[in-house]
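Data first, discussion second: the structure below is written as structure tokens.
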Amino acid sequence: MKFILASASPRRRELLASINLDFDVVPSHIPEIRGAGESPEEYVARLSREKATAIAEKYPTQWIIAADTTVLLGEELLEKPIDAPDAERMLATISGKTHIVYTGVTLMNLEREWRETRVAESEVRMLPLDAREIAWYVNTGEPLDKAGAYAVQGIGAMFIDSIHGSYTNVVGLPLATLFQMLRKAGIDPLTQ
């Protein structure tokens, strides 16, 4: 059985490949704009559903996997930085603090009338970082396309003090959540 990952994220691609699923990548290109009054959980769930739906309409017989991730600190959502100064601002904001990473995951197959969306949540505590450390990290280029301006699976790992919850959620695709969703849909991930 072949799946479609509705994401251009190299991290999601690596995570799916790590569990030996056979899949193609077909990015959805859905605009990521938070609705007024939308909670972080509602936001990532809606975006993952919209991404899955956009691809499922083109491939109605295929199983579609879509996801969206955001970072919350207090009341502020920290999505992908728009540039290096924005990445520096985000890193200074989360330095020495605990933030929450939310990922919405949708599994969909239109032919089988199957749609399920779940949201995973992990708490991440960053070490305190000074301006020199933040500037150095931003200059690596790694933070520039990541929600919250860091990569837990990359250089940014050395700034993570602790994670409570799914590590793969922080990377961008909570594999334990996806595993449960596949089983619920009658798909044995161990034989794919």
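A few notes on this one:
- Residues within the stretch 62-90 that are of a type in the set (A, V, I, L, M) and under 14 Å from Ile30 (Cβ atoms), tallied: 3
- Scanning the stretch 11-34 for residues that are exposed (fewer than 14 other Cβ atoms within 10 Å of the Cβ) and either at positive phi or in contact with a helix residue (DSSP H, G or I) (Cβ under 7 Å, 6 or more places away or on another chain) (or both) gives Asn20, His29.
- Criterion (open to solvent by 30 Å² or more (accessible area, probe 1.4 Å), part of a helix (DSSP H, G or I) and over 22 Å from Val152 (Cβ atoms)) met by exactly one of Arg46, Arg89: Arg46
- The stretch 124-140 - residue that is open to solvent by 80 Å² or more (accessible area, probe 1.4 Å) and not in a helix (DSSP H, G or I) and, of those, nearest to Asn169 (Cα to Cα): Arg125
- Qualifying residue in the stretch 93-110 (condition: part of a helix (DSSP H, G or I), open to solvent by 60 Å² or more (accessible area, probe 1.4 Å) and either modelled with pLDDT of 95 or more or hydroxyl-bearing (Ser, Thr, Tyr) (or both)): no
- First in the stretch 3-32 and outside any loop (DSSP other than H, G, I, E, B), second anywhere and loosely packed, with under 13 Cβ neighbours inside 10 Å, Cβ under 6 Å, 6 or more apart: Ile4/Asp24; Asp22/Lys2
- Criterion: within 20 Å of Arg13 (Cβ to Cβ), touching a Leu at 6+ places or on another chain (Cβ under 9 Å) and open to solvent by 20 Å² or more (accessible area, probe 1.4 Å) - qualifying residue of Leu144, Leu175: Leu175
- Ala8 modelled with pLDDT under 95, surrounded by fewer than 21 Cβ atoms within 10 Å (Cβ to Cβ) and over 20 Å from Leu182 (Cβ atoms): yes
Each row is one residue, and each column tells you yes or no for (1) at pLDDT 95 or above; (2) out of contact with any strand residue (DSSP E or B) (no Cβ under 8 Å at 6 or more places or on another chain); (3) under 29 Å from Glu50 (Cα atoms).
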residue: Asn139; (1), (2), (3): yes, yes, no
residue: Ser166; (1), (2), (3): yes, no, yes
residue: Leu178; (1), (2), (3): yes, no, yes
residue: Leu190; (1), (2), (3): no, yes, yes
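Okay, residues lined up against (1) free of Cβ contacts under 8 Å to residues at least 40 places away in the same chain; (2) over 24 Å from Ile19 (Cβ atoms):
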position: Ala120; (1), (2): no, no
position: Asp130; (1), (2): yes, yes
position: Asp145; (1), (2): no, no
position: Gly154; (1), (2): yes, no
position: Ala157; (1), (2): yes, no
position: Ile160; (1), (2): yes, no
position: Leu173; (1), (2): no, no
position: Lys184; (1), (2): no, no
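- Only one of the numbered conditions (1) at pLDDT 95 or above; (2) within 16 Å of Ser95 (Cβ to Cβ); (3) surrounded by 15 or more Cβ atoms within 10 Å (Cβ to Cβ) is violated by Val119, and that is (2).
The values are calculated or read from the model by the stated rules, or taken from the named source; none is laboratory data. Note that the structure is predicted; figures quoted are calculated from it, not measured. Quick reminder, even Gly has a Cβ in these numbers, built from the backbone with ideal geometry, and neighbours come from all protein chains shown. SASA here: full protein model, heavy atoms, side chains in, ligands and nucleic acids out. Shrake-Rupley method; radii C 1.70, N 1.55, O 1.52, S 1.80 Å.
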